[in-house]
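Enquirer: Sharing a structure here in structure tokens format.
Read-outs: derived from the displayed coordinates by stated rules, not from any lab. Predicted model only: the values in this text are computed from it and were never measured. Heads up, the Cβs are rebuilt from the backbone with ideal geometry, glycines too, and the neighbour counts pull from every protein chain shown.
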Amino acid sequence: MAFADDVNIAPARVLVTKIGLDGHDRGSRIVAAYLRDAGMEVIYTPPWQSVDAVVGITRQEDIDVIGVSSLATDHLIVPGLMAALKSQGLDAVRVVVGGIVPQGEIPLLLDAGVSHVFGSGAMREEIVGTVARLASEAQAAKRQQWEVA
């Protein structure tokens with residue numbers, strides 16, 4: 001007999017979004033399809049989201065992982081997103097960034113708390129596997145927060 005603590009009973013809830021002014025969304029649509037095909041619940045936003053909007057959606061939809069797509073320099077807004085999530089008590093949520101991110105800017109994202117940065121050309125298996133692992137970590141962290149509260 002399995003107990004709720006022994007299995008991941010909830011499907012991963014992933015928000016795929018674009019913050020800032022970057023409107024190129026082909027890659028994020030493909031990634032959203034990969035994640036849906038893998039059985040995850042995906043909430044997809046149109047481009048041009050604000051940090052506050054993403055935080056609000058994350059809280060409202062009980063998101064486990066936020067995937068931010070960047071083809072311009074909008075990934076530089078992500079440290080602000082990380083700070084906003086923390087200030088709202090959403091530390092358990094994992095954040096990944098994908099797209100065109102210069103090598104020299106990856107440490108900025110990781111230091112801000114981003115869990116993973118996918119470069120252009122990342123393979124479906126890597127994306128799905130990493131997001132699934134991070135969602136499981138987020139769900140475990142949320143359960144731990146609830147137990148403490």
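Enquirer: How do R94, R13, R29 rank when sorted from fewest to most other Cβ atoms within 10 Å of their own Cβ? Please list the in-between numbers first.
Expert: Details: R94 26, R13 19, R29 12.
If I rank by nearby Cβ atoms, fewest first, I get R29, R13, R94.
Enquirer: Same structure, new question: Counting alpha carbon pairs within less than 8 Å and at least 6 residues apart, what relative contact order, in whole percent, applies to the chain? Show your work: numbers first, answer last.
Expert: Details: 221 pairs, mean separation 37.0, N = 149.
Relative contact order here is 25 percent.
Enquirer: Suppose every K and R has +1 on its Cβ and every D and E has -1 on its Cβ; what is the size of the dipole of the chain about the Cα centre, in Debye to the nearest 20?
Expert: On the way: 12 positive and 18 negative charges, 41 e Å.
The dipole magnitude comes to about 200 debye.
Enquirer: Could you sort 99-112, 123-136, 61-74 so that the peptide with the highest average Cβ count within 10 Å comes first and the rest follow in order?
Expert: Working: 99-112: 14.5, 123-136: 16.9, 61-74: 22.3.
Put in order of decreasing packing, that is 61-74, 123-136, 99-112.
Enquirer: May I pose another question? By how many degrees, 0 to 90 and rounded to 10, does the Cα axis of helix 124-148 deviate from the longest principal axis of the chain?
Expert: Approximately 50 degrees, to the nearest ten.
Enquirer: Also, quick follow-up: Give the calculated FRET efficiency between Q60 and A10 to the nearest 0.05, with a Förster radius of 22 Å applied to their Cβ-Cβ distance.
Expert: Details: r = 16 Å, r/R0 = 0.73.
In this case the efficiency is close to 0.85.
Enquirer: Give me the angle, in degrees from 0 to 90, between the Cα long axis of helix 78-87 and the longest principal axis of the Cα atoms of the chain, rounded to the nearest 10.
Expert: In the chain, helix 78-87 runs at an angle near 30 degrees to the longest axis.
Enquirer: Also, I was wondering about something else. What's the angle, to the nearest 10 degrees (0 to 90), between helix 26-37's Cα axis and the longest principal axis of the chain?
Expert: Helix 26-37 and the main axis of the chain meet at about 20 degrees.
Enquirer: Turning to a different aspect of this structure: Given the Cα-Cα distance of R133 and S120 and 0.36 nm per residue of separation, how much length would full extension add, in nm? If you can, show how the numbers build up before the last one.
Expert: Numbers: separation 13, 0.36 × 13 = 4.68 nm, distance 2.03 nm.
Full extension of this stretch gives 2.6 nm more.
Enquirer: If I model a spin label as a point 7 Å beyond the Cα along the Cα-Cβ vector, how far apart are those points for E147 and Q88 in nm?
Expert: Label-label distance for E147 and Q88, simple model: 2.6 nm.
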